[in-house]
There are 2 protein chains.
Amino acid sequence: MQQLRINGERLWQSLMELARIGATPKGGVKRLTLTDADRAARELFARWAREAALEVEVDVIGNMFARRAGRDPSLPPVAMGSHLDSQPSGGKFDGAYGVMAGLEVLRTLNDAGIETRAALEVVSWTNEEGSRFTPVMMGSGVFAGVFRLGHVLEQKDLDQTTVEDALRSIGYAGDAPPHRLGAYFEAHIEQGPVLEDTKTTIGVVQGALGQRWFDAVITGQDAHAGPTPMELRKDALIAASRLVLEVNRIALAFPDYARGTVGSMQVKPNSRNVVPGEVRMSVEFRNQKDETLRAMVAALRQSLKSIEAECRVEIDLAEVTYFPPCHFDPAMVGAVRDAAGALGYTRRDIVSGAGHDAVYVARVAPTAMIFVPCEGGISHNEIENATPQDLAAGCNVLLHAALSRAA
Amino acid sequence: MQQLRINGERLWQSLMELARIGATPKGGVKRLTLTDADRAARELFARWAREAALEVEVDVIGNMFARRAGRDPSLPPVAMGSHLDSQPSGGKFDGAYGVMAGLEVLRTLNDAGIETRAALEVVSWTNEEGSRFTPVMMGSGVFAGVFRLGHVLEQKDLDQTTVEDALRSIGYAGDAPPHRLGAYFEAHIEQGPVLEDTKTTIGVVQGALGQRWFDAVITGQDAHAGPTPMELRKDALIAASRLVLEVNRIALAFPDYARGTVGSMQVKPNSRNVVPGEVRMSVEFRNQKDETLRAMVAALRQSLKSIEAECRVEIDLAEVTYFPPCHFDPAMVGAVRDAAGALGYTRRDIVSGAGHDAVYVARVAPTAMIFVPCEGGISHNEIENATPQDLAAGCNVLLHAALSRAA
């Protein structure tokens, strides 16, 4: 059994065939959740699952579960999966890899005629991306009890279509009852540069960074750039620029994967020769520890006072979202590390900076993730790329980690 | 004659009646050049001019000249004026004040039965604002030979209407031949806070700051804010923020009315959890002296190198516009200063930070400007405001300065 390997060529071909659904001219994928493209991807996955003799179920939020029975029906299944939906300008691997890797593991076990004690499942979670409907990680969030089903079903897209109507219109409002998972493994491209930068094949994911998101509004005073002397200005963009640098300084000053980002900024009136009177901007901090997040926010609030005084502006900082730090199950993380080690792949512990379905599933089942490198760390982009070798390596780790829990 | 004063009440009423044309709900004016609102304002001005026995002419670019003959037809006229067009969300006084003040001067001379040696003219220049058609200060620029007429007539607005068609459609494509001006005075609200801040009634305008405008493009690398460690980022917004602060630092470090402004900024992709890969921004410097402007630009270019290296981005800085510093005619400036002194108004020398029609007219005729305070220094805004007393004071200065040249 230790010699067992997945079929990397079949995995790659499956990913490439799946990527034709919603393919974009630049080589990416546009497969927004609960659209016709999403339906086509779901139907291809379901067909392949049935061809692999798996039993396919769909739950009330459209999550799909493709099950391969185990010898002991009393055991909860060991699940593997991710999502089939994409960003509007997404890539071929984000999400799709985790689902196809799970399917490849079961095909491999079929080929080898290997039975497991616990059942194995491949899961495709609905609407991980949150591009069409919010909240993000909707299907796994409902599964884990993070979101109330009724509330989620009422959410609308820009065309005022509800999640409930969209589920019905593509035929994926299912009725499978909730069930417990014995374990959950999610294989995913890293979506960051660390593995590539350190020439590492397997990222053994410890958990996910906590996140605190803020909206900042800086109010100064519009003024003509020509007639207004420097000393009489209340320039909101000067204050905003200081705030950007302060967020960066704070992130660099703290340990434990501290990250600080200003990703969006709107300047008003945004005219070349008018001193900006208002700037709206996002601020977010990420860290592995809640107490460090608190210290980062405190440091920022302290800086705001001097920026306000020195730039003669007012700054309103409002917290809009909080994701607590997530720590995966040590035994599950150990199973991933051991599998990577036994297979001889270079590996390193890593913490996910982004959210994943696994972060919600971790609340109701022992969970771990496997990262593989992606080219340039680029994701959520049509040029997102990964090598067949790395994808196969991650899938072999998934195979052996899952077997260690299910056999 | 030294006792002669304009009728401040009549001036105010004329401004208020004119402001009804294109009036906005918030008390401002939307009177884009060569629109129906502009035509209505022009026709009101022409009617008032004829009622004051003035001869009205329109030239090829729609500039209007309302002339009161002098005793010596061989002398070139002494002109006063400004513009009747407004910004999309403009105020009641920017431009309109200079035209109505000129008209009030001639009404006052009519009432007092005073003849002048040189003719007097009230001028309304076409499209000072540049909001609908570029370039700004179009009519005075054509008059002064700065722009080629054929080129200007071909310019299009967003609806693809040309200046030529717009002039014809409102009936203001005239045929008055070019003529020489013996002098040009322009009364204007300051559009800045200096007079109000120093409790001064009359600004004796020395000239206008030179301006150098740039477009900067900062290219870094988009990256997910979550998975991308701080040290692997190429954050274009960090670099942009440093550039904003550098422009400010340089402006504060130089003498002679140095100003530096970043008024507009576009962040891409401008998403909360994506490290910005590109920022486009404006940069402009203003100063009274060309050599100081050069030194400011050199200081900025020097800073760019370290910002590029430290933020691992590329910065492209392209100059897009240059207005040389303008120095008004010393004798004309003296006439304004003397008139303000004789009238007993508080006064101070001031340099215009913004462009005005007078800056172009100064190239072909002895020119000066008179500034009066505006509330909070606010202009290009519907809440733009000025007091009847200050407007009357500026008009009295205009009266006596013009008389000193024409009598």
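In table form, for the structure just shown:
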read-out	value
Checking A:PRO77 against (1) buried (at least 20 other Cβ atoms within 10 Å of the Cβ); (2) at positive phi, the condition it does not meet	(2)
Long-range neighbours under 6 Å by Cβ, at least six apart or interchain, first residue among the charged types (D, E, K, R) within the stretch A:348-375, second not in a loop (DSSP other than H, G, I, E, B)	A:ASP349/A:VAL204; A:ASP349/A:GLN206; A:ASP357/A:TRP125; A:ASP357/A:SER140
Residue match in the stretch A:13-20 (condition: in contact with a strand residue (DSSP E or B) (Cβ under 8 Å, 6 or more places away or on another chain) and of a type outside the set (Phe, Trp, Tyr))	yes
Within the stretch B:378-407, tally of residues that are touching a helix residue (DSSP H, G or I) at 6+ places or on another chain (Cβ under 6 Å) and within 14 Å of another protein chain (Cβ to nearest Cβ)	0
Considering residues of the stretch A:251-264 that are in contact with a Pro (Cβ under 8 Å, 6 or more places away or on another chain) and touching a residue at least 24 places away in the same chain (Cβ under 8 Å) only, the residue farthest from B:ARG212 (Cα to Cα)	A:TYR257
When residues of the stretch A:133-149 are limited to those that are at pLDDT 95 or above and more than 16 Å from A:TYR172 (Cα to Cα), the one nearest to the chain's Cα centre (by Cα)	A:MET137
Tabulated pairs, the stretch A:56-82, first in the same structural domain as A:GLU115 (by TED's automatic domain parsing) and of a type in the set (Ser, Thr, Tyr), second modelled with pLDDT of 95 or more and part of a strand (DSSP E or B), C-beta under 9 angstrom, 6+ apart or interchain	A:SER82/A:VAL123; A:SER82/A:SER124; A:SER82/A:TRP125; A:SER82/A:GLU186; A:SER82/A:ALA187; A:SER82/A:HIS188
Pairs, first within 7 Å of chain A (Cβ to nearest Cβ) and assigned to a strand (DSSP E or B) in the stretch B:198-227, second surrounded by fewer than 24 Cβ atoms within 10 Å (Cβ to Cβ) and of a type in the set (Ser, Thr, Tyr), C-beta under 6 Å, six or more apart	B:TRP213/B:THR321
Test: residue in the stretch B:16-39 that is touching a Ser or Thr at 6+ places or on another chain (Cβ under 7 Å), of a type outside the set (D, E, K, R) and either closer than 26 Å to B:GLY182 by Cβ or not assigned by TED's automatic domain parsing to the domain that holds B:ALA362 (or both)	no
Filter pass, A:VAL123 being modelled with pLDDT of 95 or more, touching a strand residue (DSSP E or B) at 6+ places or on another chain (Cβ under 8 Å) and surrounded by 20 or more Cβ atoms within 10 Å (Cβ to Cβ)	yes
The stretch B:262-274, subset in a strand (DSSP E or B), within 7 Å of another protein chain (Cβ to nearest Cβ) and modelled with pLDDT of 95 or more, residue nearest to A:ARG272 (Cα to Cα)	B:MET265
Test: residue in the stretch A:188-203 that is touching a Phe, Trp or Tyr at 6+ places or on another chain (Cβ under 8 Å), of a type in the set (Ser, Thr, Tyr) and farther than 25 Å from A:ARG68 by Cβ	yes
Count of residues meeting criterion [small (Gly, Ala, Ser) and surrounded by 15 or more Cβ atoms within 10 Å (Cβ to Cβ)] in the stretch A:342-353	2
Count - residues of the stretch B:352-395 that are within 17 Å of B:GLY8 (Cα to Cα), of a type in the set (S, T, N, Q) and in a loop (DSSP other than H, G, I, E, B)	2
Residue among A:ARG363, A:ARG405 that is farther than 20 Å from A:ARG259 by Cα, in contact with a strand residue (DSSP E or B) (Cβ under 7 Å, 6 or more places away or on another chain) and not acidic (Asp, Glu)	A:ARG405
In the stretch B:381-397, the residues that are crowded, with 24+ Cβ neighbours inside 10 Å, within 16 Å of B:GLN3 (Cα to Cα) and not β-branched (Val, Ile, Thr)	B:ALA393, B:GLY394, B:CYS395, B:ASN396
Checking B:GLU278 against (1) acidic (Asp, Glu); (2) within 30 Å of B:ALA187 (Cβ to Cβ); (3) within 14 Å of chain A (Cβ to nearest Cβ), the condition it does not meet	(2)
Tally of residues being assigned to a loop (DSSP other than H, G, I, E, B) and farther than 22 Å from B:GLU121 by Cβ across the stretch B:170-197	4
Residue tally, condition more than 16 Å from B:HIS356 (Cα to Cα), in contact with an Asp or Glu (Cβ under 9 Å, 6 or more places away or on another chain) and among the hydroxyl-bearing types (Ser, Thr, Tyr), over the stretch B:117-163	1
Residue, nearest to B:PRO324 (Cα to Cα), within the stretch B:281-291, restricted to residues that are more than 7 Å from chain A (Cβ to nearest Cβ) and acidic (Asp, Glu)	B:ASP290
Residue list for the stretch B:20-33, restricted to those being buried (at least 21 other Cβ atoms within 10 Å of the Cβ) and either of a type in the set (Val, Ile, Thr) or in contact (Cβ under 8 Å) with a residue 60 or more places away in the chain (or both)	B:ILE21, B:GLY22, B:GLY28, B:VAL29, B:LEU32, B:THR33
Looking only at the stretch B:170-215, and only at residues there that are of a type in the set (Gly, Ala, Ser) and in contact with a Ser or Thr (Cβ under 8 Å, 6 or more places away or on another chain), the one that is surrounded by the most Cβ atoms within 10 Å (Cβ to Cβ)	B:ALA187
Test: residue in the stretch B:240-261 that is under 16 Å from A:ARG272 (Cα atoms), at the interface with chain A (Cβ under 7 Å from one of its Cβ atoms), assigned to a strand (DSSP E or B) and within 32 Å of the chain's Cα centre (by Cα)	yes
Residues (surrounded by 21 or more Cβ atoms within 10 Å (Cβ to Cβ) and of a type outside the set (Phe, Trp, Tyr)) located in the stretch B:283-295	B:VAL283, B:GLU284, B:ARG286, B:ASN287, B:LEU293
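Listed here are the residues, each with its yes/no results for (1) closer than 21 Å to B:ALA240 by Cα; (2) surrounded by 14 or more Cβ atoms within 10 Å (Cβ to Cβ).
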residue	(1), (2)
A:SER264	yes, yes
A:MET281	yes, yes
A:VAL297	no, yes
A:ILE307	yes, yes
A:VAL320	no, no
A:PHE323	no, yes
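The values are calculated or read from the model by the stated rules, or taken from the named source; none is laboratory data. The structure displayed is predicted, hence computed values, not measured ones. Using ideal geometry, Cβ is built from the backbone for each residue, glycine included, and neighbour counts are taken over all protein chains shown.
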